[in-house]
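Okay, so here's the structure we're looking at.
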Amino acid sequence: MGSVPAATWLPRIGAIAVLLAGALLLRLQGIGDQGFWIDEHASVLMAGDGSSPSIARIRSDVHPPFYFGLLHYWMRAFGDSATAIRLLSTVASIATVGFLYRLGHLLYGARTAWMAGLVAATSLLQIYYAQEARSYAWLMLFTVLSTDSLVRWRLTTRTRHAWLYGLWTVALLYTHYFSLLFIASQAMYVVYACWVARGSGDDRRRFTGWLAAVVLAAILFLPWSGIFLEQWSGVQRSFWIPAPTSLAWLEAPLSFLSWWGPWSGESRVPVAAIGLAFAGLFASIWFLGRFPWPQPPRPTSSPEGGMTRRESTVLLVLWLAVPIGLGLQLSLFGIDVFSFRNSTVSACAALLLGAAVASQLGSPWARNLVLAALLAPSVAQMPRYYTEPHKDQWCEAAHFVESRFQPETDAFVFDAPFIRYPFLACSTLEGIATVPSAVPTDPGHPRIWLIRGYGGKDSQSAERIRSRGYTTAERWQGVRVEVDLFDRRPRTSE
């Protein structure tokens, strides 16, 4: 920035710092207030508690190892509290806001960059994954970094950008397998870009450079490919992701804007709340719009010439539509890998597209309306998100049981085998007696605790226990966790 006057870049740096600081505050608010939900417990288990992550445990899972390995060393450095563990995702999420700003500036200019950064900073979907001990925040970061490197390779054909693209592609493959569909969308874009640039003399170099980076990434993924095939065969045999609904192609992009999210279950934010948020945001944006947006020139290090709006839009549309579309198509063949969580590989494309639409409108009224509409769903949900529990309440369930537990009389039934770990991880109970969930014979214990979670509506555990002469004595219900205490019925003489 030596050739650019300080009066030009200082306000920009200050504004970016304020944006990132606001994003950080939103992500730190209540980050450790709730216990881990079941997938977060799985992350901690996969990360391992020894000198290295547990490859055997990761092999039995359905995810690649990058996040678990990173989490292992993060926990060794910063501890294993909920706040410390989730901060790993917060780091990735804050970086995503910054690099999304940079990518928006590269594709469309300063106004799009600021709008994309603002929407990403306040997006409740982004905040949620920034407060979760899972790999999705890193997945979204790597999609932005990968796209940025790909665009810079397209514009400059500088070797370092091809190398960086290969690096981020490797990171994607080792972070989440759904990134394969994201890479497919990039392949489609590369074909389109080469077609646009045909006859320029650089189109063949652009394609071969991209292909070489992908081949390099594939070679670096080979050591894990055998385990990937094992995990894939397990997915084909049985998987817990339900088949998508007919409206999933529409619900996924809407979920990126936080009209609803995975934390809200079947609930929906009242239309009135969204309307009030929209009105307040529109008024605020209109007032702030009276002051000039920071509009510095492109940095001198930016690629010359840039991309046309059409090509930039094609890139984002492919990024948004192809992973979702291919994921839904796989479900037609009985390969149910599509879920709203997996589709977050396309989330940043939706935010950039929305910001691009808003920023390119000629009327300030129209720009403000669209920007307010992008922000309103998240802002409307924030009060509930920060004040109501939305993660599995295993620790609350464990505390309820501990306050009433009688070791000489009590036994446990876990409705599903995998829920034993999150329950006991929150409990101080040791050496507890357990009974198979089917309860085929008389358990022989005066009291039975039934712990339910993710068992589904078809679970018959409670009915089987009652058929052995037990009645419900107490009941506790929380978010995705239920606890029933059964007492033996007093026998009557015949």
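The values are calculated or read from the model by the stated rules, or taken from the named source; none is laboratory data. None of these values were measured; they are calculated from a predicted model. Note: ideal-geometry Cβ built from the backbone for every residue, glycine included; neighbour counts use all protein chains shown. Areas reflect the complete protein model, heavy atoms only, side chains present, ligands, DNA and RNA absent. Shrake-Rupley method; radii C 1.70, N 1.55, O 1.52, S 1.80 Å.
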* **Search result, residues across the range 75-93 that are under 21 Å from Cys426 (Cβ atoms), of a type outside the set (Gly, Ala, Ser) and buried (at least 16 other Cβ atoms within 10 Å of the Cβ)** => Met75, Ile85, Arg86, Leu87, Leu88
* Asked: If you check Phe182, Phe228, Phe207, which single one turns out to be modelled with pLDDT under 95, under 20 Å from Arg134 (Cα atoms) and of a type outside the set (Asp, Glu)?
  -> Phe228
* To do: Output the residue which, of all residues in the range 440-469 that are more than 38 Å from the chain's Cα centre (by Cα) and modelled with pLDDT of 90 or more, is most open to solvent (accessible area, probe 1.4 Å).
  => Pro446
* So, of the residues in the range 405-429 that are over 34 Å from the mean Cα position of the chain (by Cα) and exposed (fewer than 15 other Cβ atoms within 10 Å of the Cβ), which turns out to be nearest to Thr471 (Cα to Cα)? -> Thr409
* Asked: Can you pull out the residues in the range 11-31 that are outside any helix (DSSP H, G or I) and surrounded by fewer than 16 Cβ atoms within 10 Å (Cβ to Cβ)?
  -> Gln29, Gly30
* Structure fact -> Of the candidates Val370, Val357, Val345, Val314, the one satisfying the condition of being modelled with pLDDT of 90 or more, under 21 Å from Gln126 (Cα atoms) and open to solvent by 30 Å² or more (accessible area, probe 1.4 Å) is Val357
